[in-house]
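Written out below as structure tokens is the structure these notes cover.
The values are calculated or read from the model by the stated rules, or taken from the named source; none is laboratory data. Just so it is clear, the structure is predicted and the values come from calculations on it, not from any experiment. Positions of Cβ are backbone-derived with ideal geometry, glycine not excepted, and every protein chain shown enters the neighbour counts.
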Amino acid sequence: MPRYFDVRSTVLIVVGYGILAEEEDRPIAYELKEIINQRGEGTSSRSAVVVTDMWMLNQEMADLFPAIAIGGPGANALSAEIYEDLPVAVNREQRLFVQMNQESGKRVLVWGMDHAATREAMQVFVGDGLLDRFLELVWHRA
């Protein structure tokens, strides 16, 4: 049976396609995917899929999906495209960042100045309730 991806509620977790992003950011993305899938309580349309920034930038329908970019603008092309437009929700000592519009929007950027800071940014995103806020916004609209 083919898998169905709902453009309104399936969350894309976007990593860079370069070797460092694949090695360092992809494992973080899969951890986040598991957390989102648990929040979706088994509903196939309320789930997450990990993709690369090149897939995101080259697919016509990609803009319709809600997305979380993992990794900074130097490592992820989607991050480079959105970071100037997203408000900073978390900034810890100019080392780790979570950027999102907490009132609306369907894009989030989670990144740090190095691998450890990016991992910590993801933990803050989840632990401080920002992931839940994002999912409320996205899944409420769907």
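Please list, ordered by first then second residue, the pairs with beta carbon atoms under 6 Å, 6 or more apart or interchain, first in the stretch 55-82 and closer than 16 Å to VAL7 by Cα, second surrounded by fewer than 16 Cβ atoms within 10 Å (Cβ to Cβ).
LEU64/VAL7; PHE65/VAL7
Just to be sure I understand, how many residues within the stretch 33-54 are in contact (Cβ under 8 Å) with a residue 12 or more places away in the chain and either among the hydroxyl-bearing types (Ser, Thr, Tyr) or farther than 16 Å from PHE5 by Cα (or both)?
The number of residues fulfilling the criteria is 8.
So, in the stretch 66-91, of the ones that are among the hydrophobic types (A, V, I, L, M, F, W, C) and in a strand (DSSP E or B), which residue ends up surrounded by the most Cβ atoms within 10 Å (Cβ to Cβ)? Let's see the steps before the verdict.
Let us first name the residues in the stretch 66-91 that are among the hydrophobic types (A, V, I, L, M, F, W, C), namely 67-70, 75, 77-78, 80, 82, 86, 88-90.
Within this subset, residues satisfying the condition of being in a strand (DSSP E or B) are 67-70, 88-90.
Numbers: ALA67: 24, ILE68: 28, ALA69: 31, ILE70: 34, VAL88: 11, ALA89: 20, VAL90: 15.
Checking each candidate, the answer is ILE70.
Among the residues of the stretch 20-38, which ones are farther than 19 Å from ALA117 by Cβ and either modelled with pLDDT under 95 or among the polar types (S, T, N, Q) (or both)?
Hits for the stretch 20-38 are ASN37, GLN38.
Pick from the stretch 10-49 the residues that are β-branched (Val, Ile, Thr) and surrounded by fewer than 19 Cβ atoms within 10 Å (Cβ to Cβ): which of them is nearest to GLY105 (Cα to Cα)? Give the derivation first.
Step one: filter the stretch 10-49 for residues β-branched (Val, Ile, Thr), giving 10-11, 13-15, 19, 28, 35-36, 43, 49.
Filter once more, keeping what is surrounded by fewer than 19 Cβ atoms within 10 Å (Cβ to Cβ): 19, 35, 43, 49.
Details: ILE19: 30, ILE35: 20, THR43: 22, VAL49: 19 Å.
Applying the filter and picking the extreme gives VAL49.
Looking only at residues that are at pLDDT 95 or above and acidic (Asp, Glu) in the stretch 94-135, which one is surrounded by the most Cβ atoms within 10 Å (Cβ to Cβ)?
GLU120
Quick one: would you say LEU57 is of a type outside the set (Ser, Thr, Tyr), surrounded by fewer than 16 Cβ atoms within 10 Å (Cβ to Cβ) and in a helix (DSSP H, G or I)?
Yes: the conditions hold for LEU57.
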